[in-house]
Amino acid sequence: MRRVCATALAVTVLVVTGCSGPGEPAAPAPQPVTVAVAGDVHFAGSSAAALEPGGLDAVAPLLRAADLTVVNVETAITDGGTPAGKQYTFRAPAAGLGALKAAGVDVAAMANNHSLDYGREGLTDTLAAARAQGLPVIGLGEDADAASAPHRTTIRGNRVAVFDATQVLDSSLAQAWTATATQPGLASVQTAAGARRLVDAVAAERSRSDSIVVFLHWGRELQDCPTTGQQELAHDLVAAGADAVVGSHAHLQLGQGYLEAGGRKGFVDYGLGNFVFYAKKAVTAETGVLELTLPGTGGVSAARWEPAVTRSGVPVPLEGAAAQEALRHKESLRSCADLAAS
């Protein structure tokens with residue numbers, strides 16, 4: 001965000017791109033950056049193909065084209081641990097994070113309903129694997145402060161922050177999986193208190209970052225319209241200062257577009273779909289990469305959806321008539337999302 005400078009004689013406040021004292025050079029204005037986001041990743045079943053050399057080569061150019069790329073990693077990264085008492089539990093070797101990094105992923109968002117599938121041991125192993133592979137993870141940590149902390153980076157003078165949290169947790173596991181001051185776990189917005197914590201953190205971040213993206217695990221499985229809870233949280237986050245709010249979980253795509261809230265305008269994508277996943281139905285195989293241009297002066301100046309399809313567990317970009325049809329489908333989902341096209 002642009003900083004505010006004033007002197008004792010000033011009668012108004014002047015908003016400028018940088019503040020400097022006598023003899024100090026003015027801070028350079030932030031330049032636009034591109035942030036790419038994509039949906040759910042695990043390495044179970046057919047999606048284990050992504051662990052093979054070159055397994056993600058088809059989609060890697062899209063991931064590498066952006067200045068910063070974030071995906072949702074929906075699996076514990078461990079060879080140990082004890083599976084949670086739930087229907088589906090996912091785990092993957094540390095090589096999974098290495099494969100994502102090699103393909104162009106810069107940050108792994110891990111606040112979701114599967115990253116603690118193998119308990120505290122799995123969480124410890126996940127954090128260790130992230131350090132060893134050199135791929136930052138967000139959304140989980142040794143306590144609430146660590147789990148809630150955004151990934152921060154500066155690109156061409158544009159200070160970017162990316163937050164991650166989950167709105168989806170099994171009711172029987174939510175308390176044990178949610179990070180607290182004394183408990184490791186996930187950044188959760190399943191409760192009103194958790195949502196308020198994230199909204200307040202975004203508002204506070206505006207004083208130190210030029211561009212803010214929030215990645216959420218939210219929605220209902222196989223429902224292609226956002227829930228009331230999703231819409232309310234998106235509204236509050238944009239009003240607080242988020243330039244983009246994006247997410248996944250429903251295993252299919254949802255609408256995307258611009259949202260005005262609190263005198264601000266942000267970009268929202270309610271459903272990015274599966275990405276590296278064992279998609280079992282045609283609709284769950286529809287995927288893509290969303291590329292956002294963040295000018296650093298507020299909002300999103302451009303958004304481009306690059307459609308793809310999951311084949312044998314890995315995403316493959318679409319071309320020609322198939323790509324155009326996929327784009328039309330993505331645009332049609334906006335009708336129930338209460339978002340604007342521009």
**Request:** Would you list which lysines come within 28 Å of K101, measuring only between C-alpha atoms, while excluding same-chain residues fewer than 8 positions from it?
**Result:** K280, K281, K330
**Asked** With charges set only on the Cβ (+1 for Lys and Arg, -1 for Asp and Glu), what does the dipole of the chain come to about its Cα centre, in debye to the nearest 20?
**Response** 440 debye
**Asked** Given the C-alpha centroids of region 98-134 and region 178-209, what is the distance between them in whole angstrom?
**Response** 20 Å
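Pick out, in residue order, every one of the trypsin sites (Lys or Arg not before Pro) in region 121-169 that is DSSP loop and has at most 13 other C-beta atoms within 10 Å; say none if there are none.
Sparse-neighbourhood loop trypsin sites (Lys or Arg not before Pro): R156.
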**Prompt:** What residues have an amide H closer than 5 Å to that of A108, excluding those fewer than 5 places away on the same chain, when H is modeled at 1.01 Å from N in the peptide plane?
**Reply:** V137, I138
**Cross-link partners of K86 among aspartates and glutamates (Cα-Cα below 18 Å; sequence separation of 8 or more within a chain)** = E74, D117, E121, D170, E221
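Quick note: the coordinates plus some simple rules give every number you see, no bench work behind them. Remember, it's a predicted structure, so these values are computed and weren't measured experimentally. Heads up, the Cβs are rebuilt from the backbone with ideal geometry, glycines too, and the neighbour counts pull from every protein chain shown.
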